[in-house]
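Just so it is clear, none of the values below were taken in a lab; they were calculated from the coordinates. Please read all numbers here as calculations on a predicted model, not as lab measurements. Virtual Cβ from ideal backbone geometry, glycine too; neighbours counted across all protein chains shown.
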Amino acid sequence: METLLLLGTVSMTLALAFYTAGVWIERYQHLNKLNLSLFWLGLVFDMTGTEIMSQIAGESNEISLHLVTGMIALVLMLVHAIWATITLKVGDERKIAIFHKYSTVIWVFWLIPYFTGLAIAMLPPMSV
């Protein structure tokens, strides 16, 4: 269990690092192949970390803010990475400007489940 927790934590931290770097490099240098790669790496590590953390949590039917925002964030990350790929390939400056406008918004939303997960991990176990 401790190994899984460590792997999940490292994966989620790498997702944060890669995705954040991708968004902020895009913010200052505009869309390029480097931040496109960072978006995809962030997504891969987020999916990996999510899968590992799901294994640790087990079969729970509990719907929570963390679960709902986490699933939305994963979908947004996937859409963001695909959108970045298509936008970079097309190279239309107007589409790049639109992408640039919403990139940070998607990242900020992604931070919600990241930090709620962190907060949940730091809470003491509930006794019944």
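Could you work out the local net charge near N35, counting Lys and Arg as +1, Asp and Glu as -1, over the other residues with Cβ closer than 12 Å to its Cβ? Could the numbers behind the result be given before it?
Details: positive: R27, K33; negative: E26.
For residues surrounding N35, the net value is +1.
Helix-only arithmetic for the chain: the sum of -39500 (n - 2.57) across DSSP H runs with n ≥ 4, divided by the residue total, places the mean residue ellipticity at 222 nm at -30500 deg cm²/dmol. Working note: Debye formula, equal point scatterers on the alpha-carbon atoms of region 56-105, no solvent; log10 I(q)/I(0) at q = 0.21, 0.25, 0.28, 0.31 Å⁻¹ is -0.75, -0.92, -1.05, -1.15. Couplings 3J(HN,Hα) of region 3-14, computed from phi: 5, 4, 4, 4, 4, x, 5, 5, 4, 5, 5, 5 Hz, in residue order, whole Hz [Karplus 6.51 cos²θ - 1.76 cosθ + 1.60, θ = phi - 60°; x for Gly and Pro]. Among V10, A21, Y114, which residue has its Cα positioned farthest towards the positive end of the charge dipole of region 2-122, with +1 placed on the Cβ of Lys and Arg, -1 on the Cβ of Asp and Glu, and the dipole taken about the Cα centre? Of V10, A21, Y114, it is A21. Summarising the amide proton neighbourhood of L31: residues at separation of 5 or more, or on other chains, whose placed amide H is nearer than 5 Å comprise an empty set.
What range in the chain is the longest one free of GluC sites (Glu not before Pro) that are in a loop by DSSP and have at most 11 other Cβ atoms within 10 angstrom? The answer is 63-128.
Averaging over every viewing direction, what projected area does the convex hull of the Cα atoms of region 7-128 cover, in nm²?
Numbers: hull surface 31.1 nm².
Mean projected area for region 7-128: 7.8 nm², to one decimal.
From the alpha carbon centroid of region 55-128 to that of region 1-50 is 11 Å. With R₀ set to 25 Å, the beta-carbon distance separating L67 from E93 gives a calculated FRET efficiency near 0.05.
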